[in-house]
1. Okay, helix-only estimate at 222 nm for the chain: each DSSP H run of n ≥ 4 adds -39500 (n - 2.57), divide by all residues, round to 500 deg cm²/dmol; what do you get?
2. Once phi is turned into ³J(HN,Hα) by the Karplus curve 6.51 cos²θ - 1.76 cosθ + 1.60 with θ = phi - 60°, what whole-Hz value does each residue of region 118-128 show in order, with x for glycine and proline?
3. Given Ile96, Val288, Ala459, which one lies farthest toward the positive end of the charge dipole of the chain, if we put +1 on the Cβ of every Lys and Arg and -1 on the Cβ of every Asp and Glu?
4. Any cysteines in the chain with zero other Cys Cβ atoms under 4.7 Å from their Cβ? List them, or say none.
5. How large is ³J(HN,Hα), in whole Hz, for each residue of region 98-107 in order, when computed from phi with the Karplus curve 6.51 cos²θ - 1.76 cosθ + 1.60 and θ = phi - 60°, using x for Gly and Pro?
6. Once phi is turned into ³J(HN,Hα) by the Karplus curve 6.51 cos²θ - 1.76 cosθ + 1.60 with θ = phi - 60°, what whole-Hz value does each residue of region 399-411 show in order, with x for glycine and proline?
7. To the nearest Å, what is the center-to-center distance of region 305-333 and region 341-410, using C-alpha atoms only?
8. Sorted by packing (mean other beta-carbon atoms within 10 Å per residue), highest first, where do 319-331, 448-460 land?
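Read the figures in this text as sums done on the coordinates, not as results from a lab. Remember, predicted model here, so these are calculated numbers, not experimental data. Virtual Cβ from ideal backbone geometry, glycine too; neighbours counted across all protein chains shown.
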Amino acid sequence: MGKPTGFLETSRELPQKRDVSQRIRDYKEVEGPVDETTTRKQSGRCMDCGTPFCHQGCPLGNNIPEFNDAAHQGNWKLAYEILVSTNNFPEFTGRICPAPCETSCVLAINKPAVTIEYIEKSIIEKAFENGYVLPKIPATRTDKKIAVIGSGPAGLAAAAQLNYAGHHVTVFERADEVGGLLRYGIPDFKLDKAVLDRRIKLMKEEGIAFKTNADVGVTIQVRQLRDDFDAILLCGGATIPRDLPIPGRNLKGIHFAMDFLTQQNRRVSGISTGSISTSSILACEKNVIVLGGGDTGSDCVGTSNRQGAWSVTQIELLGKPPAERNHSMPWPNWPMILRTSSSHEEGCERQWSIVTKEFIGDDAGNLKALKVIEVEWSKPPDGKLPFLNEVPGSEKIIPCELVLLALGFLHPQQEGLLKQLGVEFDERGNVKCNRYHTSVEGMFSAGDMRRGQSLVVWAISEGREAARAVDEFLMGESTLEAKEKGILNLV
């Protein structure tokens, strides 16, 4: 334990953010570089609990008290080695994870939690700075070849682990660049793509092959894949967005959030947006409404402000959550409390308990307004699911020229690859698995494609666990690291 009295002497301090007036003019990361002094003080707040519930909160099972102690001592090499023993990509989770570990921190019972996410980011950045992050090239290779379909966080984590086991791994990505959601979904002001490119370069040096513009089932035949590889791991993600089929849906100016975010990420990277859409989706000089209160909606808010929107309004169907935990969400469970992102800080009107009734257009078919109504949520006494009632007289019209649908995702794309492979689907439309094995011999799945829409940290965890399952299938046993059996499979 680095400092037994640290949690008594030091208050929680988050990293400094760039001034709003400056950061909304560019797409650089909101947070500045890590500060070693701050990190060491913050890691000293860890109490090295007898039962560290942060392990339970972290989907990866990170050894948090151990790397906190090493960071507090300034032993960055040891801290790095502890961290990467369970997390392949701490530079991603240290930037874009909602940190469920922090809500399970024992200190959070009656004090602000340890800044675990920031400490994690500090450790990996110090490791890169000091030259500790080197290619992990296996000493020996097996004769097994594995195809990983999808280069998002699940696919990348699985590829890294299977390569460490000595297998020959090829990652197939249908887009023109590697990264999936990390590349084209998450804005640069949260995850600079240089951070992603740095990791991809390292993975290539480790011996992993990447094939882009490789749409398996279209440009690459499924039969060819089955003939060339000993196992196939499906990590394509949940890509079918939830729509809103109400009157006026066909008006010009209504778009899925991911199309909007993908286009802007391509612009920032200097890549043409032509292959994504025939027309540009831009918030410049428009009143923008974002439907959906999650992280994707927040990313749309930040991007709209940077594009020069006149106004940005985010609408959520659910009621406004409380500012702090209450009796319905006791520690160490994840609390459904009000969260304000860096994008919200930059300018946004937020409205809760609102149902969208109709998109209103002009004579030319362009969106000009949204008709909405307030609702009240009621919980029946018999324990059934809550239901909503429209509030009489609360209907109103909100002028807008652009609506972004950030309503989540239903399931993976089933047409094409998945149906050609003949895999079964579960009741939610995801790939049905038994401990990452699909219904087809030699075929596996992980990440959102198997689990359903979830967090990047869960995708990394899924990729690691699936890699172990593939390794066991091919070799009869596996030496790859994994959490205790059963924990990650409770979907």
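1. Working: 19 runs with 159 residues, N = 491.
When only DSSP H runs of four or more count, the value is -9000 deg cm²/dmol.
2. These are the phi-based 3J(HN,Hα) values: 5, 4, 4, 4, 4, 4, 5, 5, 5, 5, 5 Hz.
3. Sorting the options by dipole projection puts first Val288.
4. That list is Cys46, Cys49, Cys97, Cys105, Cys235, Cys284, Cys300, Cys348, Cys400, Cys433.
5. Each residue's phi maps through the Karplus curve to give x, 6, x, 4, 5, 6, 9, 4, 4, 4 Hz.
6. x, 6, 10, 9, 10, 10, 8, 10, 9, x, 10, 7, 5
7. If we compute the Cα centre of each part, the gap is 14 Å.
8. On the way: 319-331: 11.9, 448-460: 24.6.
Peptide ranking by packing, descending: 448-460, 319-331.
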